[in-house]
Amino acid sequence: MRTSARARRIGFVLFAVPGLALIAASVVILIVGPAHRWPVAIVGVLCVAAFELGRVPLAHSPQRTPAASLPIVALPALTPAVPADVAVGIIALGVLLVIFTRTGRIGVAFYGAGLAGASAVVSVLIITAWDSTLPLIVAPSACLGFLVIVLTVESIRLRVTKARGTVARVLALSPVRIAGMAAACVVLSSVASSWSDFGLPFIESNSGPLNAIVVLLALTLIALAGKLVLHNIAMRRRLTGLITGASSLTALSRYARPGAKGEADDAEADIDTEVADILHTAIAEAIGLESVSLLSRPAGRGEIDAPVALGRRVKRFVVVARDPMDVGFTAEDRTALTALAQAATVVVTARRNLGGLTLRADTDPLTGLPNYGAFQKSLAALNESRDYSEALAVLFIDLDDFKRLNDRFGHGIGDRVLGELGRRLRGVVRPDDVVARVGGDEFVIILTHLSSLAEAKSIAERIMAVSGEPLTMNGLTFSPILSIGLAYSAHRESDIQQLVQDADRSMLAIKKSRRRGGPAKESTINISGHRSSQVNDIVARAIDEDRLELAFQPIVSLMSGHIWGFEALVRYTDPELGPISPGSLVEKAKGLGRIDKLTRQVAEKAMAAAAEFRLIDDRIMCMAINVEANQILPYRAGSFLAELAERYPAISLCLELNERSVVRVSSAVREQAEHLRDVGLMIALDDYGSEDSSVDALVRVPMDILKIDRSLVDDLADIRQREVLTALQGFGDSLEYSMIVEGVENELMASRLHEIGIRNAQGFHYGVPQGFEATIARLEQFGATAVVQAKTGTTGVGQRALASPVV
């Protein structure tokens, strides 16, 4: 920081001294020179000041970024009427007056004047060197030279010096803004040069000082108009920042920030950091600044502040600073800062009040522990957020003979015993474990991050030992006797309440044993026989070890009578439990966080099978698999599916999205669906008509195929069903997608569908879903013929139960 301050002072001195010298020299020359130069000089200073007012930040955000103005535009109008050294001094003086007016800092003003003067000297040298050889480009070149020097010096200064506070970085320059400034520089300097040589349009040309004054006044009007435009842009930015900041802060007020008992007294730790971050961003957007800080002091020189209550105990100020060379703070800036600070204070107060209400609603008032509702929320969250193989356990704890203690010694003693027991339980568990009081004399503990049942039992024994130590109150000594039921869960549970019930039953078994003569004078732990769902383990193992099997059902053309594709349906048969229903298999995979892995395995096996099918009959050109809409996103299964399709260019991979999964789809899903179609995959909307279908579903996601659910074709004798199908086929023709009717059971249904113009169908009439070997055998015997006389496999009830597509 000392090095930064020293660099700042050196830079200011290097330019402040020349700036002072240039101004002094020009004044002396004016004093000893002809009197007609003074009006030109005065109007020139006004013109330069007008252009200096229009400083433009050259990054997208006005936070600690080089800014530039174009006072050099006055140079072509000044040099015909006053000497070049006087013109340079006039430019330096105009810049000095504006900077001093907006900052009140004479050192900063002289630095700016010196920088402008030094850059103007370079511009004069360019004019002197090129005026006779390149008269058409000399003025623009001189102006661009001025701009390059100012930007270079300012960029170096901002990178060498450092700022305080949150927003204290030099932002990348915007090429668009630099190009715009350069274009303005070229146009305005060319105009100024032309007017100086030939006079203003529609105004009789005058020579000498009078013409210079007219040109300078015209340029001043242009500069003031530009300043008005910049002011409107700044006001629009300020309004946008205020609206965005207020909206973000208001959104936060809906969420409680619950505290905790024993919260640190340190005022720094008590600041609502989330609100503070949003406040910083909103102020930066609304005001435009170099730094914003939360300080215990009010604003200093060159800063503005507003009081804000982001902590409980210490009054704080949000203090905003700008770069010394930037525009000074206005009344509008102060108003915007105050409004945002007050909004932040209101939000913090609301969050704290709401957090307090939430905390009281979730806290047992006697022990300060979470209550039953908070326990249930914590257990559900811990179960959902843990890895599948991460174990946890629930301890259900009952304090025996508590009613007798209350009746004998009074509720006051009973309450103190419960309070002390809660304190002991909280003190003995690990930091990530949860202790709650769920009833009169009942407590529960959630043990997290376990690796084995033995570890859970060891922790429970330590809890029992510490909690069962004698305690003394009012001269009375008690030895708490606890009944502890332990239920251990090795994997994520699909029904976490079953774990709680098992722990409760284990605890009740101890109490029942005591009533039947079991150990009554010592605490006891009973371990439940609960294990994570056996089906969960089976499904997880089947997916992890890639044991899934596929069945294939034909998709046929009613026009040609041939199979053109298959739908792949997932199957799994456990050696002990037997077949697991496809619906259960998929739902378990979702709960286990393995649905994307399942989909990738199904897709890869299905496409490999399709390649084998096509070797037998090349009319097989499509393989369909079932996915949910969000699964097509790149980070889930989308990228894999696109790469897989590239490996099989002769086969179209069709992704069937069930209608339920596209009820609410994001723009990212729609964009990904379009991308997948562009790279050769097909998108199908599956099960249309199975629920509360609407026409909206037909345009919600880009698609190539619409699959009609069997519920819309179960009674084709009903003319209404036929009319609906005809209308849907018409939609398909208009929107350029194909339609497949599922659930075709017999020849009568097939013929009626053909009569009303349906072109594609799928169902038991063409074959039940069969495994890979059976499908190969069918194709080798019958080829792609849609209907075969001697059907392979059976079509019994058991087979039909497994024939529904898996979603």
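Data for the structure
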quantity: Filtered residues of segment 646-675 (kept if polar (S, T, N, Q) and more than 26 Å from the chain's Cα centre (by Cα)); calculated: SER652, ASN658
quantity: Condition met for LEU405 (assigned to a loop (DSSP other than H, G, I, E, B), at pLDDT below 90 and hydrophobic (A, V, I, L, M, F, W, C)); calculated: no
quantity: Set ALA606, ALA629, ALA637: member being crowded, with 23+ Cβ neighbours inside 10 Å and under 30 Å from GLU780 (Cβ atoms); calculated: ALA606
quantity: Qualifying position, being open to solvent by less than 80 Å² (accessible area, probe 1.4 Å) and either outside any loop (DSSP other than H, G, I, E, B) or modelled with pLDDT under 85 (or both), among GLU154, GLU204; calculated: GLU154
quantity: Among (1) over 28 Å from the mean Cα position of the chain (by Cα); (2) touching a residue at least 24 places away in the same chain (Cβ under 8 Å) - the single one LEU615 does not satisfy; calculated: (2)
quantity: Restricting segment 737-754 to residues that are at pLDDT 90 or above and among the acidic types (Asp, Glu), the residue that is most open to solvent (accessible area, probe 1.4 Å); calculated: GLU747
quantity: Counted residues, segment 450-475 - those being in a helix (DSSP H, G or I) and either open to solvent by 20 Å² or more (accessible area, probe 1.4 Å) or farther than 19 Å from SER523 by Cα (or both); calculated: 10
quantity: Residue count, segment 648-681 (criterion: part of a loop (DSSP other than H, G, I, E, B), open to solvent by 20 Å² or more (accessible area, probe 1.4 Å) and touching a residue at least 40 places away in the same chain (Cβ under 8 Å)); calculated: 1
quantity: Matching residues in segment 78-95 - criterion: being of a type outside the set (Val, Ile, Thr) and part of a helix (DSSP H, G or I); calculated: LEU78, ALA84, ASP85, ALA87, GLY89, ALA92, LEU93, GLY94
quantity: Cross-chain or 6+ apart pairs with Cβ under 8 Å, segment 742-763 first and at positive phi, then among the polar types (S, T, N, Q) and surrounded by fewer than 18 Cβ atoms within 10 Å (Cβ to Cβ); calculated: GLY743/SER711; GLY757/THR726
quantity: Residue list for segment 432-443, filter: at pLDDT 90 or above and either within 36 Å of the chain's Cα centre (by Cα) or outside any strand (DSSP E or B) (or both); calculated: ASP433, VAL434, VAL435, ALA436
quantity: Scope segment 369-389; condition over 28 Å from the mean Cα position of the chain (by Cα) and either over 27 Å from ILE525 (Cβ atoms) or modelled with pLDDT under 85 (or both); matching residues; calculated: SER389
quantity: Residue in segment 689-716 that is modelled with the highest pLDDT, counting only those that are open to solvent by 20 Å² or more (accessible area, probe 1.4 Å) and under 21 Å from SER652 (Cβ atoms); calculated: ASP704
quantity: Residue, surrounded by the fewest Cβ atoms within 10 Å (Cβ to Cβ), within segment 310-335, restricted to residues that are more than 26 Å from GLY107 (Cα to Cα) and at pLDDT below 75; calculated: ARG313
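The values are calculated or read from the model by the stated rules, or taken from the named source; none is laboratory data. None of these values were measured; they are calculated from a predicted model. Positions of Cβ are generated from backbone atoms using ideal geometry, with glycine treated the same way; all protein chains shown enter the neighbour counts. Side chains are part of the model used for accessible areas, which takes the heavy atoms of the whole protein and leaves out ligands, DNA and RNA. Shrake-Rupley method; radii C 1.70, N 1.55, O 1.52, S 1.80 Å.
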